[in-house]
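Laboratory data are not the source of any read-out in this text; all were calculated from the coordinates shown. In this text, all values refer to a predicted model and were calculated from it rather than measured experimentally. For neighbour counting, all protein chains shown are included, and Cβ atoms are generated from backbone atoms with ideal geometry for every residue, glycine included.
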Amino acid sequence: MSIKIALDNQPEFYTNLDVVSGKVFLTLPKSEQIGSIVVKLEGESGTALQVPRNYGYEPATARAGPPPGPPGSIVGENHKILYKLVKVFPTDYYESSSSPYGSYPLEPGQHQFPFTFKLPINNACSNPEAMARIGGLGGVGGYGSGGGLFGLGGVRVMDGSKQLFLRHVTATLPPSLTGFPMQAEIRYYIKVTIQRPGLLKENWRYHIGFKFLPIEPPRPPITGQEAFARRPFSFTPRIKGQKKKSSLFSSKKANEALAAAEGDSPTPPSVEISARLPHPSILTCNKPVPLRLIAKKLVDSSEQVHLISLQMDLIGVTEIRAHGLFHQKVNRWVVVSYTDINIPVCAPGDEVGKEVTLPDDLWRSRPLPNTVAPSFNTCNLTRKYEIELKIGVSWGDPKAGSMTRDAFSLPQTIFLPLHFANVEVFSGITPPPELLKAARNTRPGEVTMSRPPRLPPRLPVSEANGPNAAARPPQRRPSQPSQPSMPPRPPQDPLYPPQLPPGDIPAYEDVPPPSYDEAMAENLSGPFDGLRPRPAYSGVTNENAPSQMPEKS
């Protein structure tokens, strides 16, 4: 027996609205009784953290509640961010024949079963209704459960009730992510389960992994505004003792010139360096950073300043959460690093206040590494980014100063740190135009489709409010004893719905609006037509490698 899953036209990674299709190949050396064959499309976001031994008594943290476990124990959260399944066997042909054992025979040889899924937009675990329909509280769900020889067998499905006890957020599916052994990972799989009824027969299982990279959210309009980080600096004035003394081999005329200028010292330069990014600060995977470096002259000085080094780091901060525990992991990618450059900054003849934009040749052709995942926020993981710049400037020519022993000619060097604390990274996969149009019609924080306005319930037709009610004069009601007035109730209170007479149906039923995922995913095509190449992404070194998370207890 052998099982193999072959995907059709598998790209380097999948994205939202992509169709995941393929075939399950089952090779049997002999005839077998098969109850069902189920293919699942799954995505898991798992985290695991250790309970501190001094939980709640750390000086920098506050006690938020009881510890989630004994001190030193490992607690974990596993969110089913994606869960779809389809039964590929038995087909209608096999089900048309009655089987007393709830199974169907498959002859020796190779059998293939096609399957097709469409990747949604949002995570599935945030939908309590969908999770409640899968499995159940104390229920045994699955295909073929209750059937088979002696009532045994069946394909187990996920118990969605376990997800109801966890905190969830509604967001776009996160990218595949590894690199945090025993702490966090996000993986996507295609699993197949072959159910074999029988007392001593076990089910056959097989799975393969695939990479996933989400589409980017709608980009804000370009306004021309910029976020900046700037820092002024001034060099230290050179004192008289630093000047070169006259030597015996110097001419008399040169010694007299040095003695005449002994009381004079050049004005030290003062310059402001500012780094600017478009606002909001959005970077794109596999694209260069849209950075601008601007130098501004602050004092009137005839001295030259040189840019001698530049390093730009992208800092990724991953927040790991599990049952009230929080932990941050920091990754650093060096995007640009130069230590042997010599670029003049603010010429001596420039006037005070003049700004000069430095050439972007140093970083214009340096894209972000392909191991950088886009920013995301899911139920138990969050990834944010920062940019850190280290700029080295020198007063005097650093190459000429290194060849002299004159202390007066040695250059002064200053290293300036510049920091951007809030930077987003987008995947670079543009969503379809229909998706962007639907997103503009929603309020911030919602991912729902617009719907017609709600109409009030219809009142029953009677003589008092019939079509001829306006033509008749109002009738005076007999006086009734005064009754205590009821307190006003807020409109559309779920605890007090409007009461209607029996048999009357409101014109519009106030049902929950369809989610962005449900309303759009089935009607939209994927963002790629197969002709454009997809950007490189290596957030997961090997999608079929075994999980590095601790075993579930």
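May I ask you to order 284-291, 387-394 by the average number of other C-beta atoms within 10 Å around their residues, highest value first?
387-394, 284-291
Could you tell me the calculated FRET efficiency between Glu355 and Ser302, based on Cβ-Cβ distance and R0 = 25 angstrom, to the nearest 0.05?
After rounding, the FRET efficiency stands at 0.85.
Tell me, what is the FRET efficiency for Val169 and Glu129 to the nearest 0.05, using R0 = 22 angstrom and their Cβ-Cβ distance as r?
After rounding to 0.05, the efficiency reads 0.85.
Over 27 Å between Cα atoms: which of Lys80/Lys384; Lys30/Lys552; Lys30/Lys118 fall into that group?
Table pairs above 27 Å Cα-Cα are Lys30/Lys552; Lys30/Lys118.
Enumerate the amide H contacts of Lys211 below 5 Å, restricted to partners 5 or more residues apart or on another chain; note that Pro and chain-start residues carry no placed amide H.
Under 5 Å from the amide H of Lys211: Tyr14.
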